[in-house]
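Let me begin by presenting the structure, written as structure tokens, before commenting on it.
The values are calculated or read from the model by the stated rules, or taken from the named source; none is laboratory data. What you see is a predicted model, and the numbers here were worked out from it, not measured in a lab. Cβ placement follows ideal geometry from the backbone for every residue including glycine, while neighbour counts extend to all protein chains displayed.
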Amino acid sequence: MSVPQRPTSPLAGLYYDVCLAIRERAQQRNPFGAFSFDELEALSSLRAVIRGLDEHCYAIEQGLMDELSAALSEDRVQTTRAAYDAARELALPTCHEFIKWCHATHGLAYTHSLNAIPLNSLLALEVRSYSDTTLSKLIGDFRKRLIQIRGVEDHHGFGQAYELFSEAVVYAYLKDRLTSVEKINEQGGKVGSTPDFKCSHGGKEFYIEVKSFDIVDGVYRAKEMMYDGLDANIDLEAQVMAGHPVAMAETEISPYKKANEKGAYDPRSLIKLIEVIQSKARSAFKSSQFKAGPTFALASMGRLILPGDAGCVQPYYIYDDYDGRAVISGVLWQCCFGRQGGVILRHADLNSGSVEGYLASDGLYRDELEPLPGIGFIAMERASLDSKCYGICNDARALAEYGWDLDDVKNILHDLCEAYNDGKNGEANVTIKV
């Protein structure tokens, strides 16, 4: 195990030296197994903050130093490993609980909501939570839900845990980019009747309502994906037991596929993506959550796929990675501002051209009967601190009642999103910020 350069923190730096020494000695294995550089960095930063952590860190140091001096005993190996586990459980209890579930499902089955959570982002959030009371509450709620999960088949529990994690990610993401962010606690009234966050930025006060979109058919499809993963693992084990030098198996991760769907499934369909996102947005975002003031709808889409990167906010964009300069429909723009009968373009293949078909209904903001509420729609592509957000400005919405104009909305989207656009395609050339 190696990293590009020596970490600056004491524990991670010492472990880096140990890894180099092991390599130079041509040892067959690392006696400690594989410690995480990121976790050692976190333990170093929290050493003076958490009572009782220092003694575990000291034991880790002694074991690493013994390995450097080639004086490591088997007893010291066991002591060091135990100290590492104890330190992680004490300082990073949420990561510890998450890793337990990763180990419980590894090699057994595929759990989509669990696999959509990146450990490095969870680790960074838990470290930050020691200096942020709001984040501490959000991470604590996530940990409690992990503890309540009944087993590897509790897809509802894993799904709820993912939703809590994605809310913590959104909070940290907003905190890094806006002047102020406040989590709104629901006290009295109907649950879900208020937005999630109250924010201010650029002299404007506004709200953000967060929803985490699940795969199509939720727990029913998640169960199918789990069994597909189980079959693949059984196949791998059978190949290994048969003495095959190389074992291979494949499984399908298709978040837009319906449960028990028979017949041909088109994983490249953009129309299906558009219709699914529209349906989930209409059912998830309620008008009561948008009455506090100017409010953005933010969808965490880490369990789905949002293709096109910055091109997703344009009606059509040019994609030339295949040297064919294909013209592709932007999924997010079409979701919000597409028109009934509008043509949807995708990559051509050997069996068909680039025209996939036509939209069956108007977009979320063009719907005359029940348009999506709010002043803008933001899609977060992954539940990760390094994720990108893409925004659509609702230029069909009257803003005068808030004392806002369209530029105010765009200024917020500019600071929150990698790319954004409006219904008139007014930001077509402002899709990637340098």
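A few points about this structure:
- Yes/no for residue 211 being surrounded by 21 or more Cβ atoms within 10 Å (Cβ to Cβ) and either aromatic (Phe, Trp, Tyr) or touching a helix residue (DSSP H, G or I) at 6+ places or on another chain (Cβ under 7 Å) (or both): yes
- Qualifying residues in segment 371-389 (those that are of a type in the set (A, V, I, L, M) and crowded, with 19+ Cβ neighbours inside 10 Å) - the one modelled with the lowest pLDDT: 383
- Test result for residue 130, surrounded by fewer than 17 Cβ atoms within 10 Å (Cβ to Cβ), over 30 Å from residue 215 (Cα atoms) and either outside the structural domain of residue 381 (by TED's automatic domain parsing) or over 18 Å from the mean Cα position of the chain (by Cα) (or both): yes
- Taken over segment 225-244, the criterion of being more than 24 Å from residue 258 (Cβ to Cβ), hydrophobic (A, V, I, L, M, F, W, C) and either surrounded by 13 or more Cβ atoms within 10 Å (Cβ to Cβ) or within 30 Å of the chain's Cα centre (by Cα) (or both) is satisfied by 234, 236.
- Among the criteria (1) over 21 Å from residue 215 (Cβ atoms); (2) surrounded by 21 or more Cβ atoms within 10 Å (Cβ to Cβ); (3) in contact with a Gly (Cβ under 9 Å, 6 or more places away or on another chain), the one residue 139 does not fulfil is (3).
- Selection status of residue 341, in a loop (DSSP other than H, G, I, E, B), within 24 Å of the chain's Cα centre (by Cα) and on the phi > 0 side of the Ramachandran plot: no
- Filter result for residue 45 (under 23 Å from residue 137 (Cα atoms) and hydroxyl-bearing (Ser, Thr, Tyr)): yes
- Inside segment 14-69, residues that are crowded, with 18+ Cβ neighbours inside 10 Å and of a type in the set (Gly, Ala, Ser) make up a count of 5.
- The residues on offer are 257, 262, 204, and the sole one that is within 30 Å of residue 354 (Cα to Cα), modelled with pLDDT of 90 or more and out of contact with any strand residue (DSSP E or B) (no Cβ under 6 Å at 6 or more places or on another chain) is 257.
- Only helices (runs of 4 or more DSSP H) whose full extent lies in segment 96-201 are considered here, and the ones with at least 2 residues that are more than 30 Å from residue 290 (Cβ to Cβ) are 112-115, 119-129, 133-148.
- Here residue 51 fulfils each of the conditions (1) in a helix (DSSP H, G or I); (2) among the basic types (Lys, Arg); (3) under 23 Å from residue 36 (Cα atoms) apart from (1).
- Output for segment 390-410, where each listed residue is under 30 Å from residue 121 (Cβ atoms) and either surrounded by fewer than 16 Cβ atoms within 10 Å (Cβ to Cβ) or among the charged types (D, E, K, R) (or both): 410
- Contact map, segment 1-28: first residue assigned by TED's automatic domain parsing to the domain that holds residue 47 and β-branched (Val, Ile, Thr), second residue at pLDDT 90 or above and assigned to a helix (DSSP H, G or I), Cβ cut-off under 8 Å, separation 6 or more or different chains; pairs are 18/64; 18/67; 18/68; 22/67.
- In segment 70-95, residue surrounded by the most Cβ atoms within 10 Å (Cβ to Cβ) [restricted to those that are part of a helix (DSSP H, G or I) and aliphatic (A, V, I, L, M)]: 87
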